[in-house]
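The values are calculated or read from the model by the stated rules, or taken from the named source; none is laboratory data. What you see is a predicted model, and the numbers here were worked out from it, not measured in a lab. Backbone-built Cβ (ideal geometry, glycine too); neighbour counts: all protein chains shown. Heavy atoms of the whole protein, side chains included, go into the accessibility calculation; ligands, DNA and RNA do not. Shrake-Rupley method; radii C 1.70, N 1.55, O 1.52, S 1.80 Å.
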Amino acid sequence: MLSATDISVSFGKRPVLNSVCFTANAGELHAIVGPNGSGKTTLLRAMTGDLTATGQTLINGTDIADLSPAELAQRRAVLPQSGNIAFPFTVLELVRLGLHAGMPSRAGFDPNLPQKALTRVGLAGFEGRFVQDLSGGERQRVQLARVLVQIWEPVLNGAPRWLFLDEPVSALDIGHQLIVMQLARDYAEAGGGVVAVMHDLNLTAMFADRITLLNAGHVRATGRPDEVLTDGDLSACYGCALRTNTPPPFGGKWILPQAIANRTHVGA
Amino acid sequence: MTVLSEPDFTPLAGDRRNKARAIRVGLIGVLIVAMLLALGWGAAGDTDVIGALLAGLGVGEVSARDMTIVWDIRMPRVATGALVGAALAVSGAVLQGLFRNPLADPGLVGVSAGAGFGAVAAIVLGGFLPLAIREFAGPYLIVGAAFIGGWATTLILYQVATRRGRTTVATMLLAGIALAAITGAVTGLIVYWSTDDQLRDLTFWGMGSVAGATWAKLITAGPVIAIALISAPFLSRGLDALALGEAVAAHMGINVQRMKRLSIMSVAASVGAAVAITGGIGFVGIVVPHLLRLVQGPEHRSLLPNCALLGAIVLLLADMVSRTVVAPAELPIGIVTAMIGGPFFLWILLKNRTMLEG
Ligand SMILES: Nc1ncnc2c1ncn2[C@@H]1O[C@H](COP(=O)(O)OP(=O)(O)OP(=O)(O)O)[C@@H](O)[C@H]1O
Ligand SMILES: [Mg+2]
């Protein structure tokens with residue numbers, strides 16, 4: 001289990017998170033949603049140990065403050081929202097960097113893991129390309145492959161491992177969005193824990209087991225998708241009229257902006 | 001109908017480790033040849049170099065003159081050149097990894113100037129130290145002071161040029177210019193207070209030259225450089241991870257603060273010791289890592305050892321050039337490296353212009 005209690009973060013005098021509590025279970029995909037600037041990335045950074053925040057984060061019962069960087073790296077991996085790379089790595093070299101992260105030795109690793117991870121994110125055959133020459137979406141998937149390689153086994157010595165993903169599909173086309181979300185689900189179903197910051201509410205509704213809706217540094221709602229995705233909370237947080245629906249074959253919530261009611265389809 | 005091909009699983013695509021290994025073997029060979037060439041290169045002709053080398057190892061015998069030329073005059077110079085070249089190239093690579101920037105060079109960003117300031121201060125002001133300390137520190141005083149000077153400048157540079165784990169090229173180079181100017185000015189001031197004897201030492205030292213190499217000097221600086229070179233590969237995992245940013249390096253299990261402190265110590269030790277015995281020699285630290293990264297990739301585990309080898313080779317060749325072009329006089333080796341390295345640096349700048357302006 002991952003549990004964060006009373007997380008507060010201020011940058012200068014400006015409070016960004018106010019006593020946020022967050023709990024995620026292993027075996028589940030937990031999405032964090034909320035408008036730009038609501039504190040999603042900040043919450044993720046507090047829980048991964050990037051930021052010193054007041055409050056406490058326990059990962060499988062241990063305070064992250066009591067774990068060394070190497071011990072943390074064996075328990076969780078993080079896909080940041082953005083990043084730049086200082087030197088010209090090939091795709092294979094970059095993904096391979098995740099291979100021994102946090103491990104004392106290089107022994108006992110499957111040398112084909114980087115290629116397996118690349119295949120998983122739809123980049124088989126890209127090993128020899130230079131990362132800086134890739135498209136934005138390809139680069140995002142290369143980074144995801146690196147993160148996967150770091151904690152490939154979702155459960156290690158009986159303890160779940162945690163994937164923290166900050167907007168993993170923001171640069172991806174619809175096909176690759178589905179591939180990456182399915183990959184995150186598979187990781188959770190195999191016993192690991194996944195915490196993903198998301199913007200696409202419908203994709204979130206389709207794939208998440210649990211959702212936390214963040215607004216202005218507070219938790220507005222948290223729970224199962226049908227509990228959190230309500231017209232009132234969504235419209236209030238995002239500042240626009242949103243209506244949820246449950247289309248028949250899916251049965252889950254589907255979110256439609258109401259601006260659509262005032263528009264006629266171009267083809268109609 | 002289209003035939004779908006299997007995904008390409010050639011195991012070596014994108015893997016440059018074998019290439020790096022082959023390059024290392026080649027460089028070892030070239031280094032041996034370069035050292036033998038450098039040993040045979042000198043004003044005194046018809047010297048039986050191989051014979052003297054073997055005699056030194058207890059095989060056969062040659063004239064006392066040949067023994068002196070090879071073992072007491074040329075050998076310390078060759079060993080100094082190789083060690084200093086290795087130290088400069090490796091410290092350049094570490095500095096570039098630390099700053100996440102291929103344009104960092106100990107000479108360009110003021111680290112050498114800081115080390116030089118330390119060395120000059122030790123030469124001139126060392127006389128004021130209590131006799132006990134002077135006797136205790138002995139010849140290590142200059143190396144130690146150069147190390148402290150280089151370390152302090154690197155530390156200040158890092159504080160000034162890096163914010164939230166990011167270094168902009170402009171800030172780094174400008175801060176380096178400022179630091180070099182400040183340490184240079186204070187160094188000049190100290191030189192004013194020096195005695196005639198000290199002044200001779202300083203001039204000789206300031207030329208950036210391996211001509212004054214002796215076993216005595218090498219014994220003070222050599223071990224420091226050796227320790228820095230041997231320990232540098234332990235930084236490689238951290239430097240690799242740092243290429244993705246400080247936050248990502250921490251995610252990957254690197255103790256970033258400790259790793260940065262160790263990198264700065266390593267750079268200061270290499271540059272400090274190198275500057276203490278040969279003065280400032282520029283551009284080796286930027287040209288060598290850049291060339292190697294181009295052909296074998298940025299992975300530090302294979303980059304750093306190859307930098308040491310190629311750095312040693314480059315400095316030995318530069319030394320041979322410096323002994324030849326204005327023979328029988330000698331050109332300071334710093335002039336030779338700047339003549340080759342300066343245009344090379346401009347070329348890198350041109351190639352990276354878009355990145356730097358962005
Ligand atoms: N290092 C920082 N210094 C100052 N303010 C910051 C810093 N990082 C974040 N903030 C501010 O904190 C607030 C929350 O930022 P955060 O990055 O957590 O938002 P977010 O919910 O992830 O937004 P987005 O959807 O745009 O990614 C924003 O107003 C941002 O400007
Ligand atoms: Mg964000």
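Please work out if residue A:185 is of a type outside the set (Asp, Glu), under 20 Å from residue A:92 (Cα atoms), more than 14 Å from every other protein chain (Cβ to nearest Cβ) and open to solvent by less than 50 Å² (accessible area, probe 1.4 Å). No.
Any idea which of B:218, B:229, B:235 is away from chain A (no Cβ under 14 Å), closer than 30 Å to residue A:67 by Cα and in a helix (DSSP H, G or I)? Just a single option satisfies the conditions, and that option is B:235. Applying the condition of being acidic (Asp, Glu) and closer than 19 Å to residue A:255 by Cβ to the range A:188-227 and asking which residue is least open to solvent (accessible area, probe 1.4 Å) yields A:209.
If the condition is being open to solvent by less than 10 Å² (accessible area, probe 1.4 Å), of a type in the set (Val, Ile, Thr) and within 9 Å of ligand 1 (Cβ to nearest atom), then the range A:15-32 contributes only A:32. Return the residues of the range B:309-345 that are surrounded by 18 or more Cβ atoms within 10 Å (Cβ to Cβ) and polar (S, T, N, Q); say none if nothing qualifies. Once the filter is applied, which keeps residues that are surrounded by 18 or more Cβ atoms within 10 Å (Cβ to Cβ) and polar (S, T, N, Q), the range B:309-345 yields B:322, B:337.
Figure legend. Inter-residue proximity from the range A:136-154: first residues of a type in the set (D, E, K, R), second residues open to solvent by less than 30 Å² (accessible area, probe 1.4 Å) and not in a helix (DSSP H, G or I), beta-carbon distance below 7 Å, spacing 6+ or different chains. Indicated pairs: A:138/A:123; A:141/A:121; A:141/A:123; A:146/A:97; A:146/A:98. Quick check on residue A:83: is it in contact (Cβ under 8 Å) with a residue 40 or more places away in the chain, open to solvent by 30 Å² or more (accessible area, probe 1.4 Å), small (Gly, Ala, Ser) and within 16 Å of ligand 1 (Cβ to nearest atom)? The answer is yes for residue A:83.
If the condition is being away from chain B (no Cβ under 14 Å), out of contact with any Pro (no Cβ under 9 Å at 6 or more places or on another chain) and either within 20 Å of residue A:3 (Cα to Cα) or away from ligand 2 (no atom under 16 Å from the Cβ) (or both), then the range A:157-170 contributes A:157, A:158, A:159.
Consider the range B:244-276 and keep the residues that are open to solvent by 20 Å² or more (accessible area, probe 1.4 Å) and of a type in the set (A, V, I, L, M). The one that is farthest from the other protein chains (Cβ to nearest Cβ) is B:265. Before we move on, is residue A:50 modelled with pLDDT under 95 and either surrounded by 23 or more Cβ atoms within 10 Å (Cβ to Cβ) or farther than 23 Å from residue B:297 by Cα (or both)? Answer is yes for this residue.
Conditions (1) small (Gly, Ala, Ser); (2) open to solvent by 50 Å² or more (accessible area, probe 1.4 Å); (3) free of Cβ contacts under 8 Å to residues at least 24 places away in the same chain, marked per residue:
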residue: A:68; (1), (2), (3): yes, no, yes
residue: A:92; (1), (2), (3): no, no, no
residue: A:97; (1), (2), (3): no, no, no
residue: A:104; (1), (2), (3): no, yes, no
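Residue pairs whose Cβ atoms lie under 7 Å apart, sitting 6 or more positions apart in sequence or on different chains, and linking a residue in the range A:28-43 that is closer than 17 Å to residue A:8 by Cβ to a partner that is near ligand 1 (Cβ under 7 Å from one of its atoms) and part of a loop (DSSP other than H, G, I, E, B), are A:40/A:34; A:41/A:81. Within the range A:98-112, not a single residue is basic (Lys, Arg) and either in contact with an Asp or Glu (Cβ under 8 Å, 6 or more places away or on another chain) or under 30 Å from residue B:168 (Cβ atoms) (or both). Quick one: would you say residue A:115 is surrounded by 15 or more Cβ atoms within 10 Å (Cβ to Cβ), closer than 27 Å to residue B:303 by Cα and within 16 Å of ligand 1 (Cβ to nearest atom)? So residue A:115 does not fit the description; no. Filtered by the rule that a residue be touching a helix residue (DSSP H, G or I) at 6+ places or on another chain (Cβ under 8 Å) and within 7 Å of ligand 1 (Cβ to nearest atom), the range A:36-50 gives a lone residue, A:38. Considering only residues in the range A:197-232 that are without any contact (Cβ under 8 Å) to a residue 40 or more places away in the chain and part of a strand (DSSP E or B), the one that is farthest from residue A:10 (Cα to Cα) turns out to be A:223. Among the residues of the range B:280-301, those identified as within 11 Å of another protein chain (Cβ to nearest Cβ), over 22 Å from residue B:173 (Cα atoms) and open to solvent by 10 Å² or more (accessible area, probe 1.4 Å) are B:294, B:299, B:301. The helices (runs of 4 or more DSSP H) located wholly in the range B:278-358 that include 3 or more residues which are at pLDDT below 85 occupy B:333-351, B:353-357. Could you tell me whether any residue of the range B:65-72 is among the polar types (S, T, N, Q) and more than 14 Å from chain A (Cβ to nearest Cβ)? Yes: one or more hits. Note on the range A:22-36: residues that are small (Gly, Ala, Ser) and within 11 Å of ligand 2 (Cβ to nearest atom) amount to 1.
Filter the range B:234-255 down to the residues that are in contact (Cβ under 8 Å) with a residue 40 or more places away in the chain and more than 19 Å from the chain's Cα centre (by Cα) and list them by number. Selection gives B:237, B:240, B:242, B:243, B:245, B:246, B:247.
Restricted to the range B:220-233, and to residues there that are in contact (Cβ under 8 Å) with a residue 40 or more places away in the chain and of a type in the set (Val, Ile, Thr), the residue that is most open to solvent (accessible area, probe 1.4 Å) is B:227. Number of residues in the range B:195-207 that are surrounded by fewer than 17 Cβ atoms within 10 Å (Cβ to Cβ), at pLDDT below 80 and not in a helix (DSSP H, G or I) equals 0. Can you say whether residue B:143 is buried (at least 16 other Cβ atoms within 10 Å of the Cβ), in a helix (DSSP H, G or I), without any contact (Cβ under 8 Å) to a residue 40 or more places away in the chain and β-branched (Val, Ile, Thr), as far as the supplied structure shows? No. Restricted to the range B:174-194, and to residues there that are in a helix (DSSP H, G or I) and open to solvent by 70 Å² or more (accessible area, probe 1.4 Å), the residue that is farthest from residue B:157 (Cα to Cα) is B:192.
In the range A:38-149, counting only helices (runs of 4 or more DSSP H) that sit wholly within it, the ones holding 1 or more residues that are within 16 Å of ligand 2 (Cβ to nearest atom), within 21 Å of the chain's Cα centre (by Cα) and more than 10 Å from every other protein chain (Cβ to nearest Cβ) span A:40-48.
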